[in-house]
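A short reminder: the numbers here are calculations on the coordinates, not readings from a lab. All of these numbers come straight from a predicted model, not from anything done at the bench. With ideal geometry, Cβ positions are generated from the backbone for all residues, glycine too; neighbour counts draw on all protein chains shown.
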């Protein structure tokens, strides 16, 4: 009996590394970037504990998405859900990968399509001949308003940025006039040299102030603003999401320009130079932008996915209590995951396989910018 008592502490000491490894393997730390997202994460953790779900969830606050990338790389946290541009930057600049991605339609991981929308009465328009035309963009350095359309124009050799790799100057020289909200902001134009014609289709607020501002005070800001720019005949083409027009019809937008808008007034411009109806976006689009995905270190892909799978089984289709894909009650939308998520799907391939060829090609058009900081400027917000 005395020998047994002596051996027991030794046995426990030998088990400690095993227990520590088990606890570490079953624990996932998540990077959150707002008070609301942190609260939802904490609620998810407590609900998972209450349901006896194997593993623990820890919520770690990050300053922003870029900070979360660096925390994942150095091992401070394990995972964070990110937009498509973020995923590209995380993979290219930090060597990270993705473990799971959102599916919004139950079939694939496409978040939305970027389309070029024009008035049907513009009979002589073609995406292959846009030189000196006017354009409407949701904002500078956004996926919809900049990365995809400018990437397309570079890849089709309509725009050449030259050795200086000055995209704003090349875009200003290409279009006759445009509205690119934020193009003159100090963050994106520190020397004040960006072309003024990229603000000439902007209208500011009702008092003619905040013209070309990178916020809703510019009435042509965002996808709805870019659509308005075309609807009011201030631009030939608007680069928007395929859902934008449907989000502003049938009384969903009570502004006068939207109430007067009809589906028959608009059309899509296709990359091959043809045109199509608004509902033909699966064929006629500039790029298919992937849905959000969970960014991790390569060695953690399996561990994070297994834990997410357990969370999804418990809270993915909840009709009462905590819901994994709902942000109701938190004062913000799309916390941890997009509210429109149908389910999470495992990503076995690399981050580029999730991004897809059409979208990755658009991002590669900016490779001449060269530095890590330049890549991060393309991160969507």
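What the table shows:
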read-out	value
Global form of the chain, assessed from the alpha-carbon gyration tensor, a/c cut-off 1.5	prolate
GNM top mover of 331, 145, 356 - the chain, alpha-carbon springs below 10 Å	331
The chain: most fluctuating residue of 193, 214, 248 per GNM, C-alpha cutoff 10 Å	193
Candidates 118, 50, 89: whichever shows maximal mean-square fluctuation once the chain is modelled as a Gaussian network with Cα springs under 10 Å	50
222 nm mean residue ellipticity, helices alone, for the chain (DSSP H n ≥ 4; -39,500 (n - 2.57); rounded to 500)	-10000 deg cm²/dmol
Distance from the range 69-120 to the range 28-68 (C-alpha centre basis), Å	18 Å
For the range 111-286: rounded, prolate or oblate by the Cα gyration tensor [a/c cutoff 1.5]	oblate
Angle between the chain longest axis and helix 222-231 axis [Cα atoms, degrees, rounded to 10]	20 degrees
Packing rank of 226-235, 183-192, where each peptide gets the mean count of other beta carbons within 10 Å, highest leading	226-235, 183-192
Shape of the range 35-108, Cα gyration tensor, a/c cut at 1.5	oblate
Nearest 10 degrees, 0 to 90: helix 35-50 Cα axis against the chain principal axis	40 degrees
Crossing angle, helix 2-25 versus the chain [Cα axis fit, 0-90 degrees, rounded to tens]	10 degrees
